[in-house]
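Here's the structure, in structure tokens; my notes come after.
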Amino acid sequence: MNDKYQSPLSERYASKEMQYIFSPDMKFKTWRKLWIALAEVEEELGLSEDGKPVITKEQIEELKAHADEINYEVAKEREKVVRHDVMSHVYAYGEQCPNAKGIIHLGATSCYVGDNTDVIVMTEALKLVRKKLINVISELSKFAMKYKDLPTLAFTHFQPAQPTTVGKRATLWLMELKLDLDDIEYMISQQKLLGSKGTTGTQASFLELFNGDHETIRKIDGMIAKKMGFEDCYPVSGQTYSRKVDARVLNVLSGIAQSAHKFSNDIRLLQHLKEIEEPFEKNQIGSSAMAYKRNPMRSERIAALANYVMVDALNPAITAATQWFERTLDDSANKRISVPEAFLAVDGILDLYLNVVDGLVVYDKVIYQHFMKEIPFMATENIMMDAVKRGGNRQELHELIRTHSMAAAAVVKQEGKENDLVERIANDKAFSMTKEQIEAILEPKNFVGRAPEQTEEFIREVIEPILDANKEFLGMTAEINV
């Protein structure tokens with residue numbers, strides 16, 4: 001195993017569950033389920049020749065008996081001869097089912113198993129992504145509620161701005177994940193199978209099999225869909241389902257990557273400020289050269305994988321745009337790589353996201369210290385109004401406070417000293433205020449507006465209904481391999 005390339009997505013990042021969804025076992029067992037479904041539909045619709053049934057229940061039972069016994073070696077050897085993966089597996093299945101061998105894949109083209117399986121696999125993968133996304137939302141909502149009242153400097157342009165709370169900031173991350181959840185639920189609801197439409201989508205082969213009986217042929221797709229757990233098939237297609245389906249799915253994954261990347265950026269910046277840190281294990285090494293370092297490695301990994309997914313989403317978009325007429329094969333090699341790897345990467349991103357949120361460390365004293373260094377500047381209007389109530393002249397006080405603010409800023413920026421604005425105002429008799437009176441105005445909670453209430457309302461009205469509706473999915477923990 002060490003003498004050939006191994007995908008980091010499998011070795012380092014993606015879960016076993018997601019890896020199974022895109023595994024050969026999942027793929028080829030689904031092929032066989034589709035062949036069984038097709039045979040059952042043809043038998044149930046009375047496919048016959050000279051009054052005799054073409055497909056018997058005994059043949060179908062034989063197919064079912066060997067549905068999970070994929071004889072890979074037989075298929076591999078056959079593919080070397082015929083250079084066709086579907087026909088190789090038809091041959092291998094026929095070796096195990098000699099009585100049913102002649103009716104496997106009857107009337108179908110390769111895309112019957114290939115495309116229908118792709119839709120089934122993507123749907124299962126979307127459901128796993130949805131489950132993990134809901135668990136991230138759950139953990140993040142707990143964090144938001146825990147810190148809904150903790151004031152912190154907000155930032156615009158990464159410059160200190162009107163304060164918010166740590167919990168309210170978390171609702172911004174949550175809101176983006178909620179939008180992603182809306183998208184993924186819509187996409188799952190829209191998934192349809194290709195059905196069995198033949199080489200150019202006209203069902204000509206079935207028209208021949210069923211002697212031109214259009215009404216019978218119209219039932220085939222719907223019956224196959226029901227047997228495979230879907231509501232319906234696409235009403236029209238060429239040989240394949242529209243490759244825009246892949247593009248739509250990966251756009252949803254790209255959206256999740258965008259949200260996760262934004263979160264990881266914020267955590268990395270907060271860790272630089274020493275306000276909030278991602279989890280750091282006892283024996284974890286931050287740097288090979290600088291032993292003291294606690295690098296935000298998991299957040300950085302989220303960003304790295306997210307970059308990959310956002311760029312990878314271009315693959316199906318370009319593929320969809322460049323298909324010719326009813327079918328070209330320049331999609332196949334691309335989608336074999338781009339679709340599974342997008343899912344594997346997003347799977348890894350959500351595991352990392354869940355792990356980071358679950359172990360976030362908040363340093364409230366550092367947050368308070370940063371807050372108090374900046375809040376005197378932001379509170380000047382409040383201080384001035386209070387001084388006016390004590391008999392001061394607003395116009396005179398405005399000029400004085402402007403002068404004091406500029407002087408205090410110069411002390412901070414040019415001399416590297418602490419913000420002394422409070423002392424300057426307290427020592428100015430024009431304000432008639434003591435240092436204690438000024439500091440009372442600077443109480444952090446006085447400057448966060450409705451941040452605590454907004455957090456509570458958002459969690460109660462938007463997030464909790466989602467979590468209540470998905471209780472059976474909650475309780476996941478993320479296993480991080482590296």
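Quick rundown of the values:
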{"quantity": "Candidate set: region 269-287, residues that are within 25 Å of residue 134 (Cα to Cα) and assigned to a loop (DSSP other than H, G, I, E, B); chosen: the one modelled with the lowest pLDDT", "calculated": "280"}
{"quantity": "Residue in region 392-401 that is farther than 28 Å from residue 150 by Cβ and outside any helix (DSSP H, G or I) present", "calculated": "yes"}
{"quantity": "Set 423, 418: member being within 29 Å of residue 148 (Cα to Cα), outside the structural domain of residue 166 (by TED's automatic domain parsing) and out of contact with any His (no Cβ under 9 Å at 6 or more places or on another chain)", "calculated": "418"}
{"quantity": "Residue ID - farthest from residue 421 (Cα to Cα), chosen from residues in region 356-381 that are at pLDDT 90 or above and among the charged types (D, E, K, R)", "calculated": "358"}
{"quantity": "Selection status of residue 367, β-branched (Val, Ile, Thr), within 33 Å of the chain's Cα centre (by Cα) and assigned to a helix (DSSP H, G or I)", "calculated": "yes"}
{"quantity": "Of all residues making up region 157-180, the number that are closer than 25 Å to residue 377 by Cα and touching a residue at least 24 places away in the same chain (Cβ under 8 Å)", "calculated": "10"}
{"quantity": "Yes/no for residue 79 being in contact with a Pro (Cβ under 8 Å, 6 or more places away or on another chain), without any contact (Cβ under 8 Å) to a residue 40 or more places away in the chain, not hydroxyl-bearing (Ser, Thr, Tyr) and not assigned by TED's automatic domain parsing to the domain that holds residue 335", "calculated": "no"}
{"quantity": "Selection count, region 324-359, where residues are surrounded by fewer than 21 Cβ atoms within 10 Å (Cβ to Cβ), within 30 Å of residue 164 (Cα to Cα) and touching a helix residue (DSSP H, G or I) at 6+ places or on another chain (Cβ under 7 Å)", "calculated": "2"}
{"quantity": "Criterion (surrounded by 12 or more Cβ atoms within 10 Å (Cβ to Cβ), closer than 30 Å to residue 350 by Cβ and without any contact (Cβ under 8 Å) to a residue 12 or more places away in the chain) met by exactly one of 472, 457, 464", "calculated": "457"}
{"quantity": "Selection count, region 313-350, where residues are more than 17 Å from residue 110 (Cα to Cα) and free of Cβ contacts under 8 Å to residues at least 24 places away in the same chain", "calculated": "7"}
{"quantity": "Meets criteria (at positive phi, in contact with a strand residue (DSSP E or B) (Cβ under 6 Å, 6 or more places away or on another chain) and not assigned by TED's automatic domain parsing to the domain that holds residue 50) for residue 201", "calculated": "no"}
{"quantity": "One residue from 232, 149 being surrounded by fewer than 22 Cβ atoms within 10 Å (Cβ to Cβ), within 30 Å of residue 325 (Cα to Cα) and in contact with a strand residue (DSSP E or B) (Cβ under 8 Å, 6 or more places away or on another chain)", "calculated": "232"}
{"quantity": "Lone unmet requirement of (1) modelled with pLDDT of 95 or more; (2) over 27 Å from the mean Cα position of the chain (by Cα) for residue 290", "calculated": "(1)"}
{"quantity": "All helices (runs of 4 or more DSSP H) inside region 1-116 with 3 or more residues being under 37 Å from the mean Cα position of the chain (by Cα)", "calculated": "16-21, 24-44, 72-82, 85-96"}
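The values are calculated or read from the model by the stated rules, or taken from the named source; none is laboratory data. As the structure is a prediction and not an experimental result, all values here were calculated from the model. We place every Cβ from the backbone using ideal geometry, glycine too, and count neighbours over all the protein chains shown.
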